[in-house]
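Working notes, structure below.
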Amino acid sequence: MIGKYVKFMGSFKISGQQVGYYFICKAKLWLAAHKINMELESDAVLIGKQLHENTYKREKEFLIDNLVNVDFIKKRKSIEIHEVKKTPKMEKSHEYQLLYYMYYLKNEKDIDSIIGYIDYPKIRKKVKFELTPEKEEEIKDIIQEINEIINSDIPKPKKLKICRKCAYFELCWV
């Protein structure tokens, strides 16, 4: 199975979505990485897309190398990348997905001056993130762990509060 994934920075290419799933649920991460995508019909995902489209009408999404899907980018003194989220309930997942995007752009596209923002338009909150050397080391470790999860058997699902609202609920628990 290892041959399926293309080399990147000594590991395998992963998507920002997979980094987010790493913090939410390892089983969901594994399923999505193996092209079992249940979120295409998810109401929560559709609501999130509508929120982005209605709040930031003039901003365009950027899909980079089919791995990094940034909600919008602003060019100022630094490159600003923005992720739009409904609520901060899964803030750690959001933070590391954004940090991964910053890490990827720095290492794959040679963009050094990047600032990241998570925008929560429903609560009028914007959180700023910078890619520090410590965060870069964490991202490297997370990439390694994600690859280990992807290249092993499916992890046993763990019952979490968010399971009932998850698009993968029936797959894991029925």
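Going from the residue with the fewest nearby Cβ atoms within 10 Å to the one with the most, Ser78, Ser152, Ser93 rank Ser152, Ser78, Ser93. Shown for Tyr96, Tyr21, Tyr120: other C-beta atoms within 10 Å of each C-beta, ranked fewest to most, produce the order Tyr120, Tyr96, Tyr21. Given the pairs Lys28/Lys135; Lys60/Lys86; Lys35/Lys85; Lys74/Lys165, which are separated by over 29 angstrom at their Cα positions? Long pairs (Cα-Cα over 29 Å): Lys74/Lys165.
Please list the non-local residues whose amide H lies under 5 Å from the amide H of Asn69, H modeled 1.01 Å from N, same-chain partners needing a gap of 5 or more. So Asn69 has HN proximity to Gly16, Ile64. Taking the centroid of alpha carbons for each part, the range 133-174 and the range 58-97 are 20 Å apart. Phi angles of the range 158-172 translate, via the Karplus equation with coefficients 6.51, -1.76, 1.60 and θ = phi - 60°, into HN-Hα couplings of 10, 5, 10, 4, 7, 4, 4, 8, 7, 5, 8, 3, 5, 5, 7 Hz per residue; Gly and Pro are given as x.
Read-outs: derived from the displayed coordinates by stated rules, not from any lab. Computed from a predicted structure; not experimentally measured. Every residue, glycine as well, gets a Cβ built from its backbone with ideal geometry; the counts of neighbours run over all protein chains shown.
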